[in-house]
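Have a look at the structure below, then the notes.
Rule-based calculations on the coordinates, nothing more; no lab input. All of these numbers come straight from a predicted model, not from anything done at the bench. Please note: Cβ atoms are built from the backbone with ideal geometry, for glycine as well, and neighbour counts cover all protein chains shown.
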Amino acid sequence: MAKRIGILGGTFDPVHIGHLRSALEVAESLGLDELRLIPSARPPHRGEPQVRAADRLAMAEQAVAGMALLQVDDRELKRDKPSYSIDTLESLRAELAADDQLFLLLGWDAFCGLPSWHRWQELLQHCHILVLQRPDADSEAPEALQNLLAARSISDPLSLSGPSGQISFIWQTPLAVSASQIRALLANGQSVRFLVPDAVLAYIHAHGLYRGAN
């Protein structure tokens, strides 16, 4: 039987309940076999992460410990070049059976920015794209994506068929949590309890992360 694997990339600087809740909701609602969090080493579209790759990886691993459905994949941290999604998808595809389904999870803002991504037109050759949309999102996709959506969009994410090639939207519980907010609170000596898993909070304190700078 074909496997169904989701992937959620990000700097995870630090990983927080917004990342984890989104991942779990998608994995359960779509009946995925697993969903992989993939920490990025050098994201092309944003500044350098504040803490070391080893710390971000360790926090992600601590966050999902004991949850078989959520896994951490460190392949991008092993690459000595920017973390391009197309490279990650090609690498994953090389390890999977031809009929295994890959689902790339993107927030609405990231999806709208796709035309600036490296070899973005090739992404759907390797995966389906799941756009995580909150109920308060009312903006339209940029013109560069309108034709793609018209040709590839499927209204029901449970109806995505085949190993790749389609786009669907999936509603998310809105959690107004951001890594930048967490870093700012920690830099100011404030608590981030309940914004990150307890294991992640313990790791942050044990290693003195995010002190004194936003």
For the range 62-214, with the dipole built from +1 on Lys and Arg beta-carbon atoms and -1 on Asp and Glu ones, taken about the Cα centre, which of PHE194, GLY165, GLN146 lies farthest toward the positive end?
PHE194
Residues HIS128, HIS207 arranged by fewest to most Cβ contacts within 10 Å
HIS207, HIS128
Of LEU124, LEU70, LEU175, the most mobile residue in a GNM of the chain (C-alpha springs, cutoff 10 Å) is LEU175
Using DSSP to call loops (not H, G, I, E or B), can you name the trypsin sites (Lys or Arg not before Pro) in the range 148-214 whose Cβ has at most 13 other Cβ atoms within 10 angstrom?
ARG211
What dipole magnitude, in Debye to the nearest 20, does the chain give about its Cα centre under +1 on Lys/Arg Cβ and -1 on Asp/Glu Cβ?
560 debye
GNM of the chain, Cα pairs under 10 angstrom: of GLY31, GLY107, GLY47, the biggest fluctuation goes to GLY47
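For the chain, return all DSSP H helices satisfying: extent of Cα atoms along own axis at least 15 Å; mean Kyte-Doolittle hydropathy at least 1.0.
On the way: long enough: 17-29 (17 Å, 0.25); 53-64 (17 Å, 0.33); 85-95 (16 Å, -0.31).
TM-like helix candidates: nothing returned.
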Among TYR84, TYR210, what is the fewest-to-most ranking by other Cβ atoms within 10 Å?
TYR84, TYR210
Highest-fluctuation residue, GLN146, GLN50, GLN166 considered, GNM on the chain with Cα pairs under 10 Å
GLN146
Net charge of neighbours whose Cβ lies under 10 Å from the Cβ of GLY6, counting Lys and Arg as +1 and Asp and Glu as -1:
0
